[in-house]
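Peer 1: The structure that follows is given in the form of structure tokens.
Every read-out reported here was derived from the displayed coordinates using simple, explicitly stated rules and does not represent laboratory data. What you are looking at is a predicted structure, and each value in this text was computed from that prediction instead of being measured. Neighbour counts are summed over all protein chains in view; Cβ atoms, including those assigned to glycine, are modelled from backbone coordinates with ideal geometry.
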Amino acid sequence: MKALAKSLMCVAMAACSAVAFTGCDNDSESSATTAPQTTNSTGASTQGLTVAPATADEVPTNPAYNFTKLKQDTDSITAKFDNTLVASKFRGTVYYKLGNDFEYIGNNGYADKGSHTYNSLNTNYYIGSLTKQFTAVAVMILQEQDKLSTDDTLDKYYPDYKYGSDITIRNLLTMTTGLPDYLGKSDESVRANAPQYDISEKNSAKDNHSVILKWILSQEIDNDEENYSYSNSDYFILGDIIEKVSGKSYEEFLKENIFEPLEMTSTTFECTDQLATGYQDIFDDEWNIYPGVAYSSTGLISNLSDLLKWTDAITGSELLSAKSKEEMFTPYKSSFAYGLYVDDCGNYYCDAAFYRFNARIVFAQDQSKVFIAFSNYTQSNPKAVNKNLDEILKPYLK
């Protein structure tokens, strides 16, 4: 059958947002609009196209807080945060940490209405484009093992590819290839303009994967000026290259080199009993899950505990050398680094929407600030919640 991007369940919604963390570079997006449930708190020299890293006159930093006052007012702030989740009709899990003196965890809404199970610290969520930073780290691990270079051109891996000598792995990582997005674009008319290719929910992941990869490599590129253009296709190709170079499946490579060493026991590509059910309150159209489609661009499932381990590891020394981290976290065009963005304060961040799930992660290099939010309701907006919580914290800025 011909499957439209909508049938792939993502329609390019699994995209990192280029809106930075409040307090640095802001936007004016309002809160989400779903109805609340209960809240409980327990007070994220190159060939071909080349990319020049952004430069800065000074090292960016986050605004300073009065931590003495924050600590004194923790109960009051926690209550305000709880009320904000209800007022903004957010359903999911929210984590916010500032320094060592303030930490908030809030859970709201049903993980599964049928069983009357509420979202909790143990709830797993699809994390959409947060997957890309894992893919980027996997590439950097292989580079440290001298199995590939981010300067490699794609003709090394796809000898017959028309643009093989024009595109590097670095271009894929920084989304400067000009490749069209295999999931389509959010501003397109889904049925009229979405990419079309023959996949099936009855096919194996490998078969669907092959069809999509063939489609991506058959497309024309549009990048005469080497501009940044968000495309899930770039990270889909990276997953395939990881398999070619490592001799293992993409999923197996991440499990052995990232999940198991970090004891990320809840992070997986497979549905588990802890996975929340996705809900949408306004639209009733059907979305089909096709094996092998989300893959290395949007396919991961995780939870709060595991993503906290992740942010600790990629800002520390457990996974990558200092040299690799510098390469990965350097913002290139449009503030996009490898798999995530860098805001004006030097925080790393990404927003994601996948199926009926939404996610946001923001973290500082020194872990002085961490915000992670997941939702299993289409209309819940982690980014808006982040902004609302920041407003509550403004009086505590020095």
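Peer 1: Determine, for region 53-177, the count of lysine pairs separated by eight or more sequence positions (or lying on different chains) whose alpha-carbon distance falls under 20 Å.
Peer 2: Count of close lysine pairs: 9.
Peer 1: Also: Based on other C-beta atoms within 10 Å, arrange Thr61, Thr267, Thr68, Thr131 from fewest to most.
Peer 2: Thr68, Thr61, Thr267, Thr131
Peer 1: Could I ask something else about it? Can you sort Ser149, Ser380 by how many other beta carbons sit within 10 Å, fewest first?
Peer 2: By the 10 Å Cβ count, ascending: Ser149, Ser380.
Peer 1: Quick one: if the Förster radius is 25 Å, what FRET efficiency do Asn122 and Glu270 give, using the C-beta to C-beta distance and rounding to 0.05?
Peer 2: It comes to 0.90.
Peer 1: Using a 10 Å cut-off on Cβ atoms, rank the peptides 370-376, 247-253 from the highest mean neighbour count down.
Peer 2: Packing order, densest peptide first, comes out as 370-376, 247-253.
Peer 1: Testing the spin-label approximation: label points 7 Å from Cα along Cα→Cβ at Tyr157 and Asn66. State their distance in nm.
Peer 2: The modelled label-to-label distance comes out at 5.2 nm.
Peer 1: Over all alpha-carbon pairs in region 232-364, figure out the percentage whose distance exceeds 17 Å.
Peer 2: Percent of Cα pairs beyond 17 Å in region 232-364: 67.
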